[in-house]
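Down below is the structure, laid out as structure tokens.
The values are calculated or read from the model by the stated rules, or taken from the named source; none is laboratory data. Computed from a prediction, not measured in an experiment: that's the story for all the values here. Glycine gets a Cβ as well: all are built from the backbone with ideal geometry, and neighbour counts include every protein chain shown.
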Amino acid sequence: MTKNFILAGIDFHAPSDLVARQLIGTVLLVDGVGGRIVETEAYDREDPASHAFSGPTERNGAMFGDPAHAYVYRSYGIHWCLNFVCRESGHGAGVLIRAIEPLEGLERMRERRALEAELLLCSGPGKLCQALGVSRDHNAMALALPPFALWAAPQPVQVVAGPRIGISKAMDVPWRFGLAGSRFVSRPF
């Protein structure tokens, strides 16, 4: 039996840079809290900046699992980061969800972040995970099942691209994607 890894109109078997671009404008909810994805970054096992570059480990195992699943890891021992697994099982590719425009569950996000400013609630991968309540417990979960919900972009969007942020290898690779003109990205393009 062949598994279907098309979700919100996106084929998660595709290369991570294509998936990262297509995710811009989609709506992501975790237990009913979330919003429009406005910034992503792509990573692949052949990319020296990727967690998959050195092969599977206990930490990155979910990244080598089935596509359309979550890969959640701790960044700098402080913040959780949410990635969507791409390509075929065993490949090791994913898309980091860098920022969303908050739309649903704003009060819950404000409580979790102890912050009122809507613009700052989800403007970075760690902030986003805190606001949505994402933790290691979400690692390897299917994006097609609760607590996740992913909906196609309600209308076509204009996507901008540039170099990724906060990495020390392959810094010039233009695999950071954003919603053109969005005020909710983590850093301007």
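Applying the criterion of being among the aliphatic types (A, V, I, L, M) and modelled with pLDDT of 95 or more to the residues of the range 43-80, the residue that is farthest from Ile100 (Cα to Cα) is Ala68.
Is it fair to say Leu120 is among the aliphatic types (A, V, I, L, M), under 16 Å from Gly32 (Cβ atoms) and without any contact (Cβ under 8 Å) to a residue 40 or more places away in the chain? Taking the combined requirement at face value, the residue does not satisfy it. Residues in the range 23-34 that are in contact with a strand residue (DSSP E or B) (Cβ under 7 Å, 6 or more places away or on another chain), on the phi > 0 side of the Ramachandran plot and surrounded by fewer than 24 Cβ atoms within 10 Å (Cβ to Cβ): Gly25, Gly32. Would you mind stating whether Leu18 is in a strand (DSSP E or B), among the hydrophobic types (A, V, I, L, M, F, W, C) and surrounded by fewer than 21 Cβ atoms within 10 Å (Cβ to Cβ)? Judged against the criteria, Leu18 is not a match.
Report yes if some residue within the range 35-46 is touching a Pro at 6+ places or on another chain (Cβ under 6 Å) and either without any contact (Cβ under 8 Å) to a residue 60 or more places away in the chain or not in a helix (DSSP H, G or I) (or both); otherwise report no. Yes: one or more hits.
Residues in the range 144-184 that are under 15 Å from the mean Cα position of the chain (by Cα) and not in a loop (DSSP other than H, G, I, E, B): Phe148, Ala149, Leu150, Trp151, Arg176, Phe177, Gly178, Leu179. Restricting attention to the range 78-95 and to residues that are over 15 Å from Pro15 (Cβ atoms) and hydrophobic (A, V, I, L, M, F, W, C), the residue that is surrounded by the fewest Cβ atoms within 10 Å (Cβ to Cβ) turns out to be Ile78.
Quick one: count up the residues across the range 102-117 that are over 15 Å from Leu28 (Cβ atoms) and surrounded by fewer than 16 Cβ atoms within 10 Å (Cβ to Cβ).
Just the residues of the range 102-117 that are over 15 Å from Leu28 (Cβ atoms), to begin with: 107, 110-117.
Adding the requirement that they be surrounded by fewer than 16 Cβ atoms within 10 Å (Cβ to Cβ) leaves 107, 111, 114-117.
Of the residues in the range 102-117, 6 are over 15 Å from Leu28 (Cβ atoms) and surrounded by fewer than 16 Cβ atoms within 10 Å (Cβ to Cβ).
Here Ala8 fulfils each of the conditions (1) in contact (Cβ under 8 Å) with a residue 60 or more places away in the chain; (2) among the small types (Gly, Ala, Ser); (3) more than 17 Å from Gly178 (Cα to Cα); (4) surrounded by 21 or more Cβ atoms within 10 Å (Cβ to Cβ) apart from (4). Kindly check whether there is at least one residue in the range 48-69 that is in contact (Cβ under 8 Å) with a residue 24 or more places away in the chain, surrounded by 23 or more Cβ atoms within 10 Å (Cβ to Cβ) and assigned to a strand (DSSP E or B). Yes, the range 48-69 has at least one match. One residue is enough: does the range 4-21 have a residue meeting the conditions within 29 Å of Leu106 (Cα to Cα) and of a type in the set (Ser, Thr, Tyr)? No, every residue in the range 4-21 fails to be within 29 Å of Leu106 (Cα to Cα) and of a type in the set (Ser, Thr, Tyr). Is it the case, given these coordinates, that Pro15 is touching a strand residue (DSSP E or B) at 6+ places or on another chain (Cβ under 8 Å), more than 16 Å from Pro125 (Cβ to Cβ) and not acidic (Asp, Glu)? Criteria met by Pro15. For residues that are farther than 15 Å from Ser16 by Cα and free of Cβ contacts under 8 Å to residues at least 40 places away in the same chain, tally how many sit in the range 169-182. Qualifying residue count, the range 169-182: 3. Among the residues of the range 155-175, those that are surrounded by 14 or more Cβ atoms within 10 Å (Cβ to Cβ) and hydrophobic (A, V, I, L, M, F, W, C) comprise Val157, Val159, Val160, Ala161, Ile165, Ile167, Ala170, Val173, Trp175.
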